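Undergrad: Shown below is the structure under consideration.
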Amino acid sequence: MDALMLDGNAVAGLLQEAFAVEMTTAVGTCASFGAAGPVGAVHVYRGAGTVLRCPHCDNTLAKIVKNDSPESPEPLVA
Ligand SMILES: [Zn+2]
């Protein structure tokens, strides 16, 4: 883990806002590596948005952008 990287637990609030449920204990499977693990253990990088990466192969699992517009305040997940 480098200084700019967090784990999925660090963005628990953002994930709950995007998915409307507690996500850090949800288990996901990497489409590239095939490894399964809790979302709380993924690697998180923050910049203009939030990028979740597989802790095993660094594959991008999700990109989340938060819109500050009052008309659509929900985060966009891609
Ligand atoms: Zn992977």
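The values are calculated or read from the model by the stated rules, or taken from the named source; none is laboratory data. Because the structure is a prediction, the values reported are computed rather than measured. Cβ sites come from the backbone with ideal geometry, for glycine too, and all protein chains shown count toward neighbours.
Undergrad: Residues in the stretch 7-16 that are out of contact with any Gly (no Cβ under 6 Å at 6 or more places or on another chain) and within 15 Å of Lys63 (Cβ to Cβ): how many?
TA: Initial filter on the stretch 7-16 (out of contact with any Gly (no Cβ under 6 Å at 6 or more places or on another chain)): 7, 10-16.
Filter again for within 15 Å of Lys63 (Cβ to Cβ), leaving 11, 14-15.
Qualifying residue count, the stretch 7-16: 3.
Undergrad: Before we move on, is Cys30 within 16 Å of the ligand (Cβ to nearest atom) and surrounded by 15 or more Cβ atoms within 10 Å (Cβ to Cβ)?
TA: Yes; evaluated as a whole, the condition is true for this residue.
Undergrad: Suppose we filter Ala62, Ala41 for residues that are without any contact (Cβ under 8 Å) to a residue 24 or more places away in the chain, under 15 Å from Leu6 (Cα atoms) and either more than 9 Å from the ligand (Cβ to nearest atom) or out of contact with any strand residue (DSSP E or B) (no Cβ under 7 Å at 6 or more places or on another chain) (or both); which single one remains?
TA: Ala62
Yes/no matrix, rows are residues, columns are (1) modelled with pLDDT under 95; (2) closer than 17 Å to Leu15 by Cβ; (3) surrounded by 13 or more Cβ atoms within 10 Å (Cβ to Cβ):
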| site | (1), (2), (3) |
| --- | --- |
| Gly37 | no, yes, yes |
| Gly40 | no, yes, yes |
| Tyr45 | no, yes, yes |
| Gly49 | yes, yes, yes |
| Arg53 | no, yes, yes |
| Cys57 | no, no, no |
| Lys66 | yes, yes, yes |
| Pro75 | yes, yes, yes |
| Ala78 | yes, yes, no |
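Undergrad: Test Gly13 against the criterion of being surrounded by fewer than 17 Cβ atoms within 10 Å (Cβ to Cβ), on the phi > 0 side of the Ramachandran plot and either outside any loop (DSSP other than H, G, I, E, B) or over 12 Å from the mean Cα position of the chain (by Cα) (or both), and give yes or no.
TA: Details: surrounded by fewer than 17 Cβ atoms within 10 Å (Cβ to Cβ): yes; on the phi > 0 side of the Ramachandran plot: no; either outside any loop (DSSP other than H, G, I, E, B) or over 12 Å from the mean Cα position of the chain (by Cα) (or both): yes.
No: the conditions fail for Gly13.
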